[in-house]
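Data block below; observations after.
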Amino acid sequence: MRLKILDRYLIKNFLITYVFVAFVIVLIICMIDYTEKVDDFLDKKAPLRAIIIDYYLNLIPYWINYISPLMVFIATVFFTSRIAARTEIIAILSSGISFGRLLLPYMIGAGILGALTFLQVGWILPIANKVRNSFEKKYVKQEFYFSGRNVHITIAPDVYAYLESYNTASKTGNKFTMETIKGNELKQKFSAEKIIWQPKKGKWNLQNYQIRTLDSLGEKITTGAEIDTTINLSPKDFESDYNLFETFTLPELNNYIDLLRSRGADGLEVYLIEKYIRFTQPFAILILTAIGVIVSARKSRKGVGWQIALGFMLAFVYILFFLLSKGVAEAGTISTLFAVWLPNIVFSFIGLVLYKTLPR
């Protein structure tokens, strides 16, 4: 019964401290963000309701998720150092409870936060990001117009499309060519003067087209005024991809990764990193909570302030390490999966070393 009361006490106060830290940090971030963007809001006459509901109410969960490992670590150090300063931890350990058993309620609390984080990043946050990104594109970012010319796109293995130009407003492309190449041999060339998206049919209308097919028997050419056809290409491929990876739920993200792989397209690393990060974050919360308890459970002569400062320092080291690993992964220098998991692996090792070496 005593342990259950103690567990509830530690879990409750750990979670309350996390909520308090999250509220303070996110409030500061929102104030800084507003001072940076207020000119854009005024210039583009953003409605107050849209600023509050569409933007900031969706920005708050974004930042809570983004810096959740930092906030969990700070909350752990802040709460644990306070009860250590009041000699509560000494009393707990003196009663015969092991340090490993003391960690259990913290891990339960971290597990709750980790589960909520995974649910949020997998399904809830992408919906909020769609609304927030839409607001930013309208009132903060410059309006997007596809202006690329001589566009080359891989739309399937061995299938390559070319457009001289594309208009996003009319969903029309000029001088379209699609080639199927096996090895070094051209098997088929499909060309058209104009390609127009038909939203009701979900197909492309090709005008003044020519289909040239080559096989062992020779060459066959088919021409026509227009034809409706399905191509592994859509108007979305020419739309703004501003933070597109943030707007996919986990199933949508997996489907989009499969689509990029089927096309052999570049830029796959960004979406793989986003996918792997959604799985690493809950584990980061558990690891940093354990380290936070280990470094702050001992009553320090330097006071609570020193332990909180140490917590901030270690948390920022983790974030810096995470950003460096993410940059390496985006560059394709090492395996994306390994790069994303590397901070957790390293800090798990650091946690074990601290557990074995620090006096408690």
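The values are calculated or read from the model by the stated rules, or taken from the named source; none is laboratory data. Since we're looking at a predicted model, the values are computed, not measured. Backbone-built Cβ (ideal geometry, glycine too); neighbour counts: all protein chains shown. We work out accessible area using only protein heavy atoms, side chains counted, and drop any ligands, DNA or RNA first. Shrake-Rupley method; radii C 1.70, N 1.55, O 1.52, S 1.80 Å.
One entry in [x] 24.3; [y] 20.1; [z] 22.1 is Kirkwood radius over Cα pairs in Å calculated from the shown coordinates; its label is [x].
What the stretch 1-43 shows is 69 Å² of accessible area per residue, with the surface traced by a 1.4 Å probe over protein heavy atoms. Nearest 10 degrees is fine. How inclined is helix 268-296 to the longest principal axis of the chain, computing both from alpha carbons? Approximately 0 degrees, to the nearest ten. Using heavy atoms of the protein chains and a probe of 1.4 Å, the accessible area assigned to Asp40 is about 50 Å². Taking a straight Cα-Cα cut-off under 21 Å and skipping sequence neighbours fewer than 8 places away in the same chain, the lysines within cross-link reach of Lys12 are Lys4. Rolled with a 1.4 Å probe across the full set of protein chains, the surface gives Trp123 an accessible area near 100 Å².
In terms of accessible area, using a 1.4 Å probe and ignoring ligands and nucleic acids, Lys201, Lys356 rank largest first as Lys356, Lys201. Beyond 29 Å in Cα-Cα separation lie the following of the pairs Lys175/Lys326; Lys194/Lys275; Lys37/Lys200; Lys138/Lys236: Lys175/Lys326; Lys194/Lys275; Lys37/Lys200. Within the shell of other residues whose beta carbon sits under 10 angstrom from the beta carbon of Gln207, the net charge comes to -1, with Lys and Arg scored +1 and Asp and Glu -1.
Across the stretch 247-360, the relative contact order, built from alpha-carbon pairs under 8 Å that are at least six residues apart, equals 35 percent.
Here Ser262 and Ile334 are evaluated by their C-beta separation; at R0 = 30 Å the FRET efficiency comes out at 0.75.
With every protein chain in place and a 1.4 angstrom probe, the accessible-area ranking of Arg278, Arg82, largest first, reads Arg82, Arg278. With all protein chains in place and ligands, DNA and RNA left out, the 1.4 Å accessible area ranks Phe23, Phe312, Phe338, Phe321 as Phe23, Phe338, Phe312, Phe321, largest first. Summed over all non-identical Cα pairs, the Kirkwood treatment of the stretch 30-107 gives a radius of 16.1 Å. Residues of the stretch 239-264 with an amide N closer than 19 Å to a point placed 7 Å from the Cα of Thr168 along the Cα-to-Cβ direction: 239-248. For Ser94, the accessible area of its heavy atoms, probed at 1.4 Å with every protein chain present, is near 90 square angstrom. Could you tell me what percent of the accessible area of the stretch 150-264 is made up of carbon and sulfur, with a 1.4 Å probe and every protein chain present? Looking at the stretch 150-264 in its full context, I get 47 percent from C and S.
Over the stretch 92-217, accessible surface divided per residue gives 56 Å², non-protein components excluded, 1.4 Å probe.
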